[in-house]
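Trainee: Dumping the structure here so I can ask a few things about it.
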Amino acid sequence: MRSHGFTLIELIVVIVIIGILSVGFTSLYTQSIDQYLDANRRSDLSATARLALERVSRELRDALPNSVRVTPSGNCVEFRPLATAQYYLDIPIAAPASSFSAITFPLPSSGSWSAAIMPLDIADSYDTSASNSKAVVGIASVSPLGTNSVQVNLVSANRFPRTSPARRFFVTGTPISFCVSAGELRRYQGYGVQATQPTPGSGLSGGDLLARNIVNPAAIFQYQAGTLERNALLTVALDLRSGDEQIRHEHEVLIRNVP
């Protein structure tokens, strides 16, 4: 009577087949995991870029006209933020004065603020000279004059170099910068006005982290100054990489340049 069982050759064949199938399934499983991880990395990079660009564009839209400047490397953009705008009643033009009158407006309770009337260029927006004829001058306080008017007291006597056709002035704060350094996008504030644009390690330190893993090979910020026919335009491009995944996001910010 013949006994039933497997020969050694049959066992070896089965083991080889099972091994081949195991390798195939393992490879398929590994590829699925890798694809899932890659998709997650792309999603994270895209979300980081979108949030960073939205923060930059929202703040730049409220920049003081003609205060946006970009470093030659294209890694930093600086601007002076606006708190509000209002109409003045009378300003010193012929001779310096320590105050001017305006329609009532809310001055923020904290921070350092300045009055800006017709700043035409970067030199006007970042004038740190001792001149008593500036387009942007610090506000010491605001006191009531009448029912709908106030007296804007300046930190020093000043005569504005030009009037506004709309009799408008802006209340602007200390500068804000967005800079990319060492693969990180950071926001800087709380520093003083400087004639030469500051950069990380040269006038800027600390800063709030907005994004990392930035690998831009060229300029990140590109600025086209406004003209009589069009507003100014800031282009922001971010290249982010994590592992083998890399994405690029570009955004354009329209900046009003009518002072």
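Trainee: At 222 nm, what helix-only mean residue ellipticity would the chain give, in deg cm²/dmol to the nearest 500, using -39500 (n - 2.57) for each DSSP H run of four or more?
Mentor: -8000 deg cm²/dmol
Trainee: Please give, to one decimal in nm, the separation of the simple spin-label points placed at residue 90 and residue 222, each 7 Å out from Cα toward the Cβ.
Mentor: Going by the 7 Å Cα→Cβ label model, 5.0 nm.
Trainee: With axes computed from alpha carbons, what is the tilt in degrees of helix 8-60 against the longest principal axis of the chain, rounded to the nearest 10 within 0 to 90?
Mentor: Helix 8-60 sits roughly 0 degrees off the main axis of the chain.
Trainee: Right, here's the next one. Once you place label points 7 Å from the Cα toward the Cβ at residue 215 and residue 241, how far apart are they in nm?
Mentor: Reported label-point gap for residue 215 and residue 241 is 0.2 nm.
Trainee: How high is the FRET efficiency between residue 16 and residue 51 when r is their beta carbon distance and R₀ equals 41 Å, given to the nearest 0.05? Write out the running numbers ahead of the final one.
Mentor: On the way: r = 53 Å, r/R0 = 1.29.
Step by step, r from the Cβ atoms, then E = 0.20.
Trainee: Under a Cβ-Cβ cut-off of 11 Å, what is the net charge of the residues other than residue 222 that fall near it, where Lys and Arg count +1 and Asp and Glu count -1? Let's see the in-between values first.
Mentor: Working: positive: none; negative: 250, 252.
Local net charge: -2.
Trainee: Give the label of the value calculated from the structure for Cα Rg over 2.2 N^0.38 Å, choosing from (1) 0.99; (2) 1.11; (3) 1.65.
Mentor: (3)
Trainee: Between residue 59 and residue 129, what length in nm is gained on full extension when 0.36 nm per residue of separation is reduced by their alpha carbon distance? Don't jump to the answer; show the numbers that get you there.
Mentor: Values: separation 70, 0.36 × 70 = 25.20 nm, distance 2.71 nm.
Here the segment from residue 59 to residue 129 would lengthen by 22.5 nm.
Trainee: Take the alpha carbon gyration tensor of the stretch 191-259, find the square roots of its eigenvalues, order them as a ≥ b ≥ c, and report rounded if a/c is under 1.5; if not, report prolate when a/b exceeds b/c, else oblate. All intermediate terms of the calculation are to be shown ahead of the outcome.
Mentor: Working: a/c = 2.86, a/b = 1.27, b/c = 2.24.
Cα axes put the stretch 191-259 in the oblate bin.
Rule-based calculations on the coordinates, nothing more; no lab input. Bear in mind that the values here come from a model prediction, so they are computed numbers and not experimental data. Neighbour counts run over all protein chains shown; Cβ positions are idealised from the backbone, glycine included.
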